[in-house]
Structures are given as structure tokens and as C-alpha cells.
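Trainee: Quick one: structure below, then a few questions.
Every number here is computed from the coordinates shown, using simple stated rules; none is lab data. On a predicted model such as this, the values are computed, not experimentally measured, just so you know. When we count neighbours, we look across all protein chains shown, and the Cβ atoms used for this are built from the backbone with ideal geometry, even at glycine.
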Amino acid sequence: MTYRLNSAQYLTPVAVYLVLMAIITLMTRFLSPDFVFPLAAILMFGMPFVMKSEVKGLRWKLRGVLIGVVLSVVILSLYVLLCVAAFDKPVRLDNVSYLVIIQHLLLVSVPEEVFFRGYLQEEMGNNLKAILMVSLLFAVGHLAVRCMGFGCSGAGYVENLLTFFPSLVMGYMYLVSRTLWANIIFHFLANVVYIATGGL
């Protein structure tokens, strides 16, 4: 009986995820990115409310914000050092325009964290098992939308699957901080750093 209850707990959020990813992937085949990004953001941000799920993590908590800032500085500094020292990649801040900043904050970081952590992780129990499951869905979702939709090379497939690991960090941050703002800060800064370094 317990197994069935646990399975049912995962069934609805996974079904919602599959439908949403299918819609967004289809949009990439028929619409330009200028339309896909805002529409996808609206769908991800709005889906939890359509499902009548309370997104508790949007409450502002100073402790959560500080966790997001500290972990972002530590983890992303190590990432930049790895890119520069091991792969000889320069940090190109000119790659990060004001438009990129706005896009990755409002159309990527906020809606993705609301959907993946605020909805999926919460609905699945907001525990370590949920973090693993959501991180897997996060990576597969990036792979589906970016590679099957927009198209990418062999390296692109690997890069999108590697989003599993920062998703683990963001999932644990939400578990500890109980606010999405820690995740949003990390997600946004990670995207900006990735663009500035050109990835691994």
C-alpha cells in the first residue's frame, strides 16, 4: 500500500512534466526562439498554479538568499578557475549583454526554478529521492528541448545532460533554504558564468 501511495505521488508531476516538455519541444520546431522562450517561461511559471499547487518557495527569506549568494560564489569561482586553468578558456564578459541578463533571469531562472523545484520537487516530497528524480527530469528536459528542438552537436548532448549536476545543487539548496530565491540566484549566475566562459 505504501508503494502505491509513493508511486501516485510521482505520477501526476511526472505526467505534467512530460506534457509540458512535449509542448515546448514542439514549439521549438514551429516557432522562432524569440517566441519560444517567453511562451515556455509562461507555461513553466503558470503550470503549478494551473495544477492548484502552492508554490511555497516564492516567499522571501534572507537566510535562503545568503545561502544562494555564498554557494554561488564558492561553486562558480571553482568552475571559472577550472575553465581558465585546465581548459585555458578566457572569461568573456562582453558575451553577457543586458538582454542576456534579463532573458536568463526572467525567462529561464525564475520559471525553471518555480516549475522544477517549486512544483515538481515539492510534489514529489522535497527529499533526497525527489532531488535525484527532478535532477534527472531537468537534464532530460534540457536535452529534449535544446537538442531535439533547436538541434545540437554531439558535445551539445553531453553538455545538456550535465545539467543534472547543478540541478542536484539547486535541489539541495531548496531543501535546506526552503526558498526558491537561493536557487534562482545560483541558476542565474551559473548561466551567466557559463555564457561568459563558453562552457567546458
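Trainee: Just the isolated ones, please: cysteines in the chain lacking another cysteine beta carbon under 4.7 angstrom.
Mentor: Cys83 - these cysteines have no disulfide-compatible partner (Cβ-Cβ under 4.7 Å) in the chain.
Trainee: Using all alpha carbons of the chain, what is the percent of pairwise distances in each 5 Å bin, ordered from the shortest bin to the longest?
Mentor: With a bin width of 5 Å, the distribution comes to 1, 8, 14, 19, 22, 17, 11, 5, 2, 1, 0, 0.
Trainee: Take the chain, connect every pair of alpha-carbon atoms lying under 10 Å apart with a spring to form a Gaussian network, then pick out the residue of Ala144, Ala86, Ala41 with the largest mean-square fluctuation.
Mentor: Ala86
Trainee: Then there is this: What does the highest-first list of 112-121, 54-63, 92-101, 13-22 look like by mean Cβ count within 10 Å?
Mentor: Per-residue mean Cβ counts within 10 Å order the peptides as 112-121, 13-22, 54-63, 92-101.
Trainee: Mind checking the dipole of the range 8-66: about its Cα centre, +1 per Lys or Arg Cβ, -1 per Asp or Glu Cβ, Debye to the nearest 20?
Mentor: 320 debye
Trainee: To the nearest 20 debye, what charge dipole does the range 2-197 have about its Cα centre, counting +1 at the Cβ of each Lys and Arg and -1 at the Cβ of each Asp and Glu?
Mentor: Dipole magnitude for the range 2-197 comes out near 440 debye.
Trainee: Looking at the chain, do any whole DSSP H helices span at least 30 angstrom along their long axis by alpha carbon and average 1.0 or above on Kyte-Doolittle, and which?
Mentor: Correct list, ordered by number: 62-85.
Trainee: For the residue pair Gln9 and Leu93, what label-to-label distance in nm results when each label sits 7 Å from Cα along the Cα-to-beta-carbon direction?
Mentor: 4.6 nm
Trainee: Shifting gears a bit: At a 10 Å Cβ-Cβ cut-off, how would you order Lys129, Lys89, Lys52, fewest neighbours first?
Mentor: Taking fewest neighbouring Cβ atoms as first place, the list is Lys52, Lys129, Lys89.
Trainee: Could you put Ser177, Ser77 in order, starting from the residue whose Cβ has the fewest other Cβ atoms within 10 Å?
Mentor: Exposure proxy ranking, most exposed first: Ser77, Ser177.
Trainee: If you only keep lysine pairs separated by 8 or more in sequence, or across chains, how many in the range 2-197 come under 29 Å at the Cα atoms?
Mentor: Lysine pairs satisfying the spacing and distance rule in the range 2-197 number 4.
Trainee: Using a cut-off of 11 Å between beta-carbons, work out the net charge of the residues near Ala182 (Lys and Arg +1, Asp and Glu -1, Ala182 not included).
Mentor: It works out to a net charge of +3.
Trainee: Helix-derived [θ] at 222 nm for the chain: sum -39500 (n - 2.57) over DSSP H runs of at least 4, divide by residue count, nearest 500?
Mentor: About -22000 deg cm²/dmol.
Trainee: Please rank Cys152, Cys83, fewest neighbouring Cβ atoms within 10 Å first, as an exposure proxy.
Mentor: Placing the least packed residue first, the sequence is Cys152, Cys83.
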